[in-house]
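Enquirer: Starting off with a structure, shown below.
The values are calculated or read from the model by the stated rules, or taken from the named source; none is laboratory data. Fair warning: this is a prediction, and the values are worked out from it, not measured in the lab. Because the Cβ atoms are built from the backbone with ideal geometry, glycine has one as well, and the counts that use them run over all protein chains shown. Note: accessible area is taken over every heavy atom of the protein model, side chains too, but ligands, DNA and RNA are not part of it. Shrake-Rupley method; radii C 1.70, N 1.55, O 1.52, S 1.80 Å.
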Amino acid sequence: MKNNKFLIPAVALVGLVVTGTANAQVVMDFQDLEMNDNLIHNWGYLYTAGDWMISHPESEPFPFATFGTQEARYPGSTALFNNTVNGVITFERIDGGAFDMLSIDIASLNDNGPVTVNFVGNLQGGGQVFDSFMTTGSDNVLQTHVFDSSFVNLLSLVWVQEAPFHQFDNITIIPGPAGLALLGLGALGARRRRRA
């Protein structure tokens, strides 16, 4: 990590890492779901970590899932996938506040070569922004997609699990001002509990 005179303490919550930089980047990494086996694990229709949630409609027949670390499709880090063809995925803050979307890691899921994922960002003031990412031919290898500067002040990020399937990990965001205040209170509370 580069030296930065504005460093803040790094905070780790279940499934969430806050980097030690002044812009308080938050990474949803799903590591709390890691299982050391060769199975597929179903986790339901909603995943939350800290102030963040990722969901898809319960009307879709299959829940979110992950691969165990010994499964052939495990991409080297615990990644989540929507196990429904054309399943809608929504990422947002639990309190409905705005955030900036920085990046997401994407990997193919079933050794089907390149995967294209189309993202729609719903803006706080109304309107939408769009982005698309295609993985290279490397199967089950996480690749980072960096969103352009139009993905700021979002209320939600939405995308669809199209065939061929993909899995995703390390969703990196910057909370809006309200989220930064909550993050500070959460870190303070964690420090107080440790001292007690």
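Enquirer: Of the residues in the range 101-120, how many are of a type outside the set (Gly, Ala, Ser) and open to solvent by 10 Å² or more (accessible area, probe 1.4 Å)?
Expert: Summing the residues that are of a type outside the set (Gly, Ala, Ser) and open to solvent by 10 Å² or more (accessible area, probe 1.4 Å) in the range 101-120 gives 9.
Table: residues versus (1) modelled with pLDDT of 95 or more; (2) surrounded by fewer than 21 Cβ atoms within 10 Å (Cβ to Cβ); (3) of a type in the set (Ser, Thr, Tyr); (4) in contact with a strand residue (DSSP E or B) (Cβ under 8 Å, 6 or more places away or on another chain).
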| site | (1), (2), (3), (4) |
| --- | --- |
| 65 | yes, yes, no, yes |
| 68 | yes, yes, no, yes |
| 81 | yes, no, no, yes |
| 90 | yes, yes, yes, yes |
| 99 | yes, no, no, yes |
| 122 | yes, yes, no, yes |
